[in-house]
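Values quoted throughout were computed directly from the atomic coordinates according to the rules given, and no laboratory measurement underlies them. The shown structure was predicted, so the numbers you read here are calculated from the model rather than taken from an experiment. Please note: Cβ atoms are built from the backbone with ideal geometry, for glycine as well, and neighbour counts cover all protein chains shown.
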Amino acid sequence: MDDLNPPQWLVRADGVRLAFHYRAGKGPTLVFLPGYMSDMEGSKAIALEAWAIRESRAMLRLDYSGCGKSGGAFEDGTLDIWRDDVLLMIHHLIEGPVLLVGSSMGGWLALLITLVLKSQVVGLIGIAGAPDFTDWGFGDREKEQLQAHGRLERVSEYGPEPMVTTRAFWESGNANRLLQSEIAIDCPVRLIHGQRDSDVPWQISLDLAARLRSADVQTLLIKDGDHRLSRPPDIAALLRVVGESLEAL
């Protein structure tokens with residue numbers, strides 16, 4: 001944690017402390033949603049906050065329970081729990097419209113949150129969004145292991161710790177699948193995806209674009225972009241899309 005910029009805290013009803021950084025400014029409020037096993041200190045979240053400060057824009061970045069600086073155990077988390085963590089923070093911290101920016105799993109959460117908040121969400125930006133990854137992201141043997149043993153460990157490309165998936169998270173993901181039918185979201189949606197993404201196939205964003213009910217959906221494919229999309233030109237593309245989205249509102 002940066003000692004010069006400590007997080008703020010919101011306490012859940014069960015006593016779990018949720019860490020966040022909120023800055024007031026012009027709305028709509030930008031809300032950054034990290035990916036699986038990620039947190040609010042990632043390069044995209046920090047770059048977006050720096051841009052929001054320069055533009056005097058309101059912004060919220062946060063850690064789900066069990067992630068980053070928030071309390072709780074990571075393996076207790078599920079898609080439903082993390083969705084509700086975000087909804088709790090938005091409810092307590094933000095009045096008025098929000099623009100959600102979700103990275104990887106955060107893109108899936110952004111869709112689920114929009115289905116709850118409806119018109120309060122005036123725009124949604126997905127960065128290598130990964131809706132339904134508990135469905136298409138696991139092989140049959142991995143699914144059998146999850147059912148039999150309750151957890152699965154896979155080697156992570158992003159750090160020394162293994163990528164852990166619990167049966168509870170996997171089941172909550174399957175219960176929140178969206179790509180089987182029309183997704184009743186009508187706000188403007190922008191989807192950014194790298195075509196060298198080895199974790200989430202870029203075709204997922206095209207499938208998502210087709211499923212969204214909104215007529216205002218645009219997809220930006222970055223030909224040499226990987227899953228992280230954290231290089232300077234990738235960050236510049238994200239900030240450009242955010243700025244254009246806010247200007248259009």
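Set the Förster distance to 25 Å, then compute FRET efficiency between residue 218 and residue 171 from the Cβ-Cβ distance, nearest 0.05. Calculated value: 0.15.
Taking Cα centre as origin and charging only the Cβ of basic (Lys, Arg, +1) and acidic (Asp, Glu, -1) residues, the dipole magnitude of the chain rounds to 500 debye. DSSP finds beta bridges in the chain, and of those with both partners inside it, around 30 percent are antiparallel. Remark: relative contact order (the chain) = 16 percent; criterion is Cα-Cα distance under 8 angstrom and separation of 6 or more residues.
The slack in the chain from residue 210 to residue 142, taken as 0.36 nm per residue of separation less the alpha-carbon distance, amounts to 21.6 nm. Taking each residue as 0.36 nm, the span from residue 151 to residue 186 lengthens on full extension beyond its C-alpha to C-alpha distance by 9.0 nm. Along the range 188-201 the Karplus relation, 6.51 cos²θ - 1.76 cosθ + 1.60 evaluated at θ = phi - 60°, assigns HN-Hα couplings of x, 10, 10, 10, 10, 8, x, 7, 10, 6, 8, 9, 10, x Hz to successive residues, with x for each Gly and Pro.
Dipole orientation for the chain: of the candidates 195, 232, 243, 243 has the Cα lying most toward the positive pole (charges on Cβ; Lys, Arg +1; Asp, Glu -1).
When shorter helices are ignored and each DSSP H run of at least 4 residues is given -39500 (n - 2.57), the per-residue value for the chain at 222 nm works out to -11000 deg cm²/dmol.
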